[in-house]
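Structure, as structure tokens:
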Amino acid sequence: MNASKPNNTYRQIPAVDQLLQRTAIASWIHDTSREFVVSEIQVLLDQVRNRIRSGEPEGTIDFRPEHLESVIIENIKKRLRPRLRTVVNATGVILHTNLGRAPLSKRAQNSLSTHSAHYTNLEYDIEAGKRSHRDKLLESLLREILNCESATVVNNNAAAVFMILNSLAAGKEVIVSRGELVEIGGSFRIPDILSRSGAILREVGTTNKTRVQDYQDAIGPETAMLLRVHPSNFRMRGFTERPELEEIVALAHSTGLPMVEDIGSGCLHDLRPYGIPDEPVVYDSLSAGANLVCFSGDKLLGGPQAGIIAGARKLIDPIRRNPLMRTYRVDKLTYGALEATLESYRRGKAVSEIPVVRMMAATSAEIKERSRRFLRRLRPKLPGGIRAELSEGYSVVGGGSCPDCHLPTALITFTSEAVSPNTIESRLRMQDPTIIVRLEEDKVLIDLRTIFPDQETLLIEGIVKAVG
């Protein structure tokens, strides 16, 4: 009798065709394909059979077609859910690397929509009626904004550093301060990029102190350039010394060597009025005499991922001619979004149009008033036992930029008698769209600095669902 029991259990499993006839499942055949839906049904039924074979008690397995139908539909939705999804960033980290860094401006979004759906003149000179080079698409715009001779675009700033070194210093020495041999995101280290480029690293100074005399003493017949790297993602304090940019420029010019500065975060707008004091502005470095500068497009600049090289034409032309340039070039979507972002700077509209600049410029008083309005809408919808309060705190720039900078902000804090902060955080994270918050001192924290106004209603709905 026991031997026949498993067979009786297997007979309770609905057939594939029986499940295919259920209305909700059948509708997915139209949205996907019969093969796709059949495959999902077979996967689930195999799982049920495995549970039976493992000796799981019969009463714990739900064979009802309506139950299996709901599981199959949920599995189909999970399979079809995009891997790259929109999330709501309530952390107050403006350039959140894990969340894609800079959100694009409306102008840049419109550019992506237009150029992705149509053909473009990516490599076509409309006036001349012949082929052109994509590399020069934005050169005139960058020259105007930065007041430089020439400029080119690659796919990120690490690629920009590599192309500069490979094109101008392969087989020769590059002098750089030991205190600037930094590691950037993803465990990429400046010495490794130098090595792969074919350039020879010549370290000068010590970790905490480097003087201009150290650079001068290291210059020899094999020296190709002086390299200065802005420590975007860390700061040294205390017994330290670092030459001013003007000192290194003067030395480079007196010896006929190019002076290259890796600015990193790509600041095109003076951030000092917003409490961010020590991020170099690209224009200022070029004005000070740096022969080449390179920087990111998707950090403080607020555009798409890109690396921009700007400066002397005689140094950028060899980079353009380098065969490796093809491996680092960007596509029409990047050019379009970058152009739209740069146009906001040219028209003096960075604060009003570029999200990351607008977020950095927002004052704590503005965020506090906005948070009060938000709480007035939220509190009546919260269940009992949930406390939502306003407190002072700090936002950060993030993205490997401005590591010592904390922007005063207003934080909305949540505590619950029934639901733990970790549970609330998990429930918010598992919603669609995902809501990412901060957890500190056994509280859930939300910073509206990084919330777009049109996300507030969605955020309220998500919070109410998570704390219920």
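All told, Gly398 falls short of being free of Cβ contacts under 8 Å to residues at least 40 places away in the same chain and either loosely packed, with under 13 Cβ neighbours inside 10 Å or at positive phi (or both). For the range 344-380, give me the residue count where each residue is out of contact with any strand residue (DSSP E or B) (no Cβ under 9 Å at 6 or more places or on another chain), without any contact (Cβ under 8 Å) to a residue 24 or more places away in the chain and of a type in the set (Gly, Ala, Ser). Qualifying residue count, the range 344-380: 2. Against the test of being surrounded by 14 or more Cβ atoms within 10 Å (Cβ to Cβ), of a type in the set (D, E, K, R) and touching a residue at least 40 places away in the same chain (Cβ under 8 Å), the options Arg134, Arg211 yield a single qualifying residue, Arg134. Per this entry, Ile190 is counted among residues that are under 24 Å from the mean Cα position of the chain (by Cα), surrounded by 18 or more Cβ atoms within 10 Å (Cβ to Cβ) and not basic (Lys, Arg). If I go through the range 112-130 residue by residue, how many of them are of a type in the set (S, T, N, Q), part of a loop (DSSP other than H, G, I, E, B) and either closer than 30 Å to Ser401 by Cβ or without any contact (Cβ under 8 Å) to a residue 60 or more places away in the chain (or both)? Going through the range 112-130 one residue at a time, the tally reaches 1. Looking across the range 26-54, the residues that are assigned to a loop (DSSP other than H, G, I, E, B) and more than 17 Å from Tyr10 (Cβ to Cβ) come down to Thr32, Ser33. Quick check: is even one residue across the range 1-21 surrounded by 14 or more Cβ atoms within 10 Å (Cβ to Cβ) and charged (D, E, K, R)? So far as the range 1-21 goes, no, none of its residues is surrounded by 14 or more Cβ atoms within 10 Å (Cβ to Cβ) and charged (D, E, K, R). Has the range 294-312 got any residue that is under 25 Å from Leu194 (Cα atoms) and surrounded by fewer than 18 Cβ atoms within 10 Å (Cβ to Cβ)? So far as the range 294-312 goes, yes, one or more of its residues are under 25 Å from Leu194 (Cα atoms) and surrounded by fewer than 18 Cβ atoms within 10 Å (Cβ to Cβ).
Quick one: is Arg346 surrounded by fewer than 24 Cβ atoms within 10 Å (Cβ to Cβ), closer than 18 Å to His133 by Cβ, of a type in the set (D, E, K, R) and modelled with pLDDT of 95 or more? So Arg346 does not fit the description; no. Against the list (1) part of a helix (DSSP H, G or I); (2) without any contact (Cβ under 8 Å) to a residue 40 or more places away in the chain, the condition Arg83 fails is (1).
Number of residues in the range 165-185 that are small (Gly, Ala, Ser) and at pLDDT below 90: the value is 2.
Looking at the structure I just gave you, is Ala102 under 28 Å from the mean Cα position of the chain (by Cα), surrounded by 13 or more Cβ atoms within 10 Å (Cβ to Cβ) and in a loop (DSSP other than H, G, I, E, B)? Against the criterion (under 28 Å from the mean Cα position of the chain (by Cα), surrounded by 13 or more Cβ atoms within 10 Å (Cβ to Cβ) and in a loop (DSSP other than H, G, I, E, B)), Ala102 qualifies. Could you tell me whether the range 131-149 includes any residue that is touching a Pro at 6+ places or on another chain (Cβ under 7 Å) and in a helix (DSSP H, G or I)? Taking every residue of the range 131-149 in turn, none turns out to be touching a Pro at 6+ places or on another chain (Cβ under 7 Å) and in a helix (DSSP H, G or I). Against the list (1) of a type in the set (A, V, I, L, M, F, W, C); (2) within 18 Å of Arg438 (Cβ to Cβ); (3) surrounded by fewer than 17 Cβ atoms within 10 Å (Cβ to Cβ), the condition Phe374 fails is (3). Taking each residue of the range 191-202 that is without any contact (Cβ under 8 Å) to a residue 12 or more places away in the chain and looking for partners that are of a type outside the set (Gly, Ala, Ser) and part of a loop (DSSP other than H, G, I, E, B) with beta-carbon atoms closer than 6 Å, six or more apart or interchain, yields Pro191/Leu181. Determine if the range 96-107 includes at least one residue that is farther than 23 Å from Asn156 by Cβ and either in contact with a Pro (Cβ under 8 Å, 6 or more places away or on another chain) or of a type outside the set (Lys, Arg) (or both). No, the range 96-107 contains no residue that is farther than 23 Å from Asn156 by Cβ and either in contact with a Pro (Cβ under 8 Å, 6 or more places away or on another chain) or of a type outside the set (Lys, Arg) (or both). Within the range 55-80, the set of residues being free of Cβ contacts under 8 Å to residues at least 12 places away in the same chain and either in a loop (DSSP other than H, G, I, E, B) or hydrophobic (A, V, I, L, M, F, W, C) (or both) comprises Gly55, Glu56, Pro57, Asp62, Arg64.
Being buried (at least 18 other Cβ atoms within 10 Å of the Cβ) and more than 29 Å from Gly220 (Cβ to Cβ) is a property that does not hold for Glu173. Here the condition is being hydrophobic (A, V, I, L, M, F, W, C), surrounded by fewer than 19 Cβ atoms within 10 Å (Cβ to Cβ) and either part of a helix (DSSP H, G or I) or modelled with pLDDT of 95 or more (or both); of Leu390, Leu411, Leu428, it holds for Leu390 alone.
Selection of the range 106-128 for residues being more than 14 Å from Tyr335 (Cα to Cα) and under 19 Å from the mean Cα position of the chain (by Cα) yields only Lys106. Taking each residue of the range 89-111 that is more than 18 Å from Gly462 (Cβ to Cβ) and looking for partners that are among the aromatic types (Phe, Trp, Tyr) and surrounded by fewer than 20 Cβ atoms within 10 Å (Cβ to Cβ) with beta-carbon atoms closer than 8 Å, six or more apart or interchain, yields Pro103/Phe452.
The values are calculated or read from the model by the stated rules, or taken from the named source; none is laboratory data. On a predicted model such as this, the values are computed, not experimentally measured, just so you know. Using ideal geometry, Cβ is built from the backbone for each residue, glycine included, and neighbour counts are taken over all protein chains shown.
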